[in-house]
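Read the structure below first, then the notes.
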Amino acid sequence: GIAHPEMTAQGQILNYFVNEYCKLMTANKMTSQWQQVELLWEIEWIWHVYRLHAISYSHDCIT
């Protein structure tokens with residue numbers, strides 16, 4: 001099974017980390033390698049999953 005099922009199903013926990021990810025990206029708090037080292041694993045996980053959707057990721061990063 002999945003070690004952290006709360007990160008793969010819709011719900012309050014996943015929504016919280018998606019919102020935190022969006023806040024950090026909007027505030028440019030994830031641009032440097034130093035900033036990225038300090039991220040919670042949940043935020044990094046959101047980023048990696050988001051990157052798997054390359055068209056959406058590219059579109060969102062350009063606009």
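The values are calculated or read from the model by the stated rules, or taken from the named source; none is laboratory data. Being a predicted model, the structure only gives us computed values, none of them experimental. Cβ placement follows ideal geometry from the backbone for every residue including glycine, while neighbour counts extend to all protein chains displayed.
Under the condition of being out of contact with any helix residue (DSSP H, G or I) (no Cβ under 6 Å at 6 or more places or on another chain) and either surrounded by 10 or more Cβ atoms within 10 Å (Cβ to Cβ) or assigned to a helix (DSSP H, G or I) (or both), the residues counted in the stretch 48-63 number 11. Condition check: surrounded by 13 or more Cβ atoms within 10 Å (Cβ to Cβ) and either under 13 Å from the mean Cα position of the chain (by Cα) or closer than 17 Å to CYS61 by Cα (or both). Does TRP45 satisfy that? In short, yes.
Cβ-Cβ contacts under 6 Å between residues 6 or more apart (or on different chains), taken from a first residue in the stretch 1-22 that is surrounded by 11 or more Cβ atoms within 10 Å (Cβ to Cβ) to a second residue that is part of a loop (DSSP other than H, G, I, E, B), are listed as THR8/ILE2. Report, by residue number, each residue of the stretch 29-43 that is in a loop (DSSP other than H, G, I, E, B) and either farther than 22 Å from MET7 by Cα or modelled with pLDDT of 90 or more (or both). Within the stretch 29-43, THR31, SER32, LEU39, LEU40 meet the criteria.
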